[in-house]
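**Q** Below is one structure. I have some questions about it.
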Amino acid sequence: MVTPKKFGSWKPWEEAPEFTQESFVETINGGQAFRWKQVAEFYEGRWSSNVVRLRYNNGMIEYSLPFGSDQVNTLKGLRSYFACDTNFSDIADSLPWRSDPILATAIKNFTGLRILRQPLAETLLCFLCSSTKQIPQIKAICEALALDLGNPLEDGSYTLPDWGSIANAGEQRLRSAKLGYRAKYIYKTALFLAERPGWLEGTEAAPTQEARARLMELPGVGRKIADCTLLFGAGRLEAFPIDTWVGKILTRAYQLEGLKQTQLQNFARIHFGTAAGYAQQYLFAAARAGYIPS
């Protein structure tokens, strides 16, 4: 049993991207990642071996770490996790908002929204847990997996399990985390990856079309989960995940009723361009908030 550690004082994150309150919350709590939780006025998050608390305070992002944390490496991890080397302001400006009032409304209300750059292996696992579930349910499943199979972190919580640990655990143990039918797919994926060292790393390095095809070889991974993994775990902004929610946004906001998913994919690719996945996240945020039809 790990002894929980207290967190240190709040400090300004000097290299933080520019956010509004709305875009900050939506970036970390809007369906890209599932290991963030709100505690009082701040959000507590985990990825890989990192634990951090963040809060939006008068236009500034502040952070707090567990006592004893490696601040230098954690800040380096934050820069990578928030893709601070990517100019999302310029990318947002390149989207067709000038001729698209739906997208313009979304960007206006969530200026500063970012696409996270999460570890690919964790992203794949989380989205394999996500099928037919709402965000709070996915968070609960991921937390149950971490508690059962993860490694201890400095604050007394646990990492998500790696794929090797999942393969060793077996399918029945996965079902105890309320994975239901997903347990079979996750276990079979773990076995697939255990037999192919470096396969995920090779997938991440491949061109997007090839990487998507590789991911769709995995048990339980269809186009939507593959695109979510690529968008939120590999920074492939051209990947455009379409689930039931996004499908409704497209058909209702853009009057595309009757189109099949492949036709919706073609519309998104042509209309939104090479950053279609980034546009998708703006639309998703705005629809959840009631700013655009859904």
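The values are calculated or read from the model by the stated rules, or taken from the named source; none is laboratory data. No experiment lies behind these values; they were computed from the predicted model shown. Because the Cβ atoms are built from the backbone with ideal geometry, glycine has one as well, and the counts that use them run over all protein chains shown. Keep in mind that these areas ignore ligands, DNA and RNA; they rest on the heavy atoms of the full protein, side chains included. Shrake-Rupley method; radii C 1.70, N 1.55, O 1.52, S 1.80 Å.
**Q** How would you order 75-81, 39-45 from highest to lowest mean count of nearby Cβ atoms within 10 Å?
**A** 75-81, 39-45
**Q** No solvent, one uniform scatterer per C-alpha: report log10 I(q)/I(0) for the chain via the Debye equation at q = 0.12, 0.16 1/Å, two decimals.
**A** Calculated log10 I(q)/I(0) at the listed q: -0.79, -1.39.
**Q** Then there is this: Shape of segment 80-174 from its Cα gyration tensor (a ≥ b ≥ c, root eigenvalues): rounded if a/c is under 1.5, otherwise prolate when a/b > b/c, or oblate? Before the final figure, lay out the partial values.
**A** Numbers: a/c = 3.00, a/b = 2.24, b/c = 1.34.
The shape class here is prolate.
**Q** Which distance in nm do the two modelled labels at T208 and N168 give, with both placed 7 Å along the Cα-to-Cβ direction?
**A** The two pseudo-label positions are separated by 3.8 nm.
**Q** Hey, if we sort F24, F7 by accessible area with the 1.4 Å probe, largest down, what's the order?
**A** Working: F24 5, F7 35 Å².
Ranked from most to least accessible, the order is F7, F24.
**Q** Hey, rough spin-label estimate for L256 and S99, points 7 angstrom out along Cα→Cβ, what's it come to in nanometres?
**A** 1.6 nm
**Q** Helix-derived [θ] at 222 nm for the chain: sum -39500 (n - 2.57) over DSSP H runs of at least 4, divide by residue count, nearest 500? All intermediate terms of the calculation are to be shown ahead of the outcome.
**A** On the way: 15 runs with 148 residues, N = 294.
When only DSSP H runs of four or more count, the value is -14500 deg cm²/dmol.
**Q** Kirkwood hydrodynamic radius, computed over distinct alpha-carbon pairs, for segment 122-214: how many Å, to one decimal?
**A** Values: mean 1/r = 0.0720 Å⁻¹.
Kirkwood hydrodynamic radius for segment 122-214: 13.9 Å.
**Q** Further question on the same structure: Give, in nm to one decimal, the length gained when the segment between N151 and T132 is fully stretched (0.36 nm per residue of separation minus the Cα-Cα distance).
**A** Values: separation 19, 0.36 × 19 = 6.84 nm, distance 2.75 nm.
Additional length available on full extension: 4.1 nm.
**Q** Still on this structure: Taking the Cα-to-Cβ direction at E41 and at A140 and moving 7 Å from each Cα, how far apart do the two end points lie in nm?
**A** 3.0 nm
**Q** How high is the FRET efficiency from K6 to E195, r the C-beta distance, R0 35 Å, rounded to 0.05? All intermediate terms of the calculation are to be shown ahead of the outcome.
**A** Numbers: r = 43 Å, r/R0 = 1.22.
Working from the Cβ atoms, E equals 0.25.
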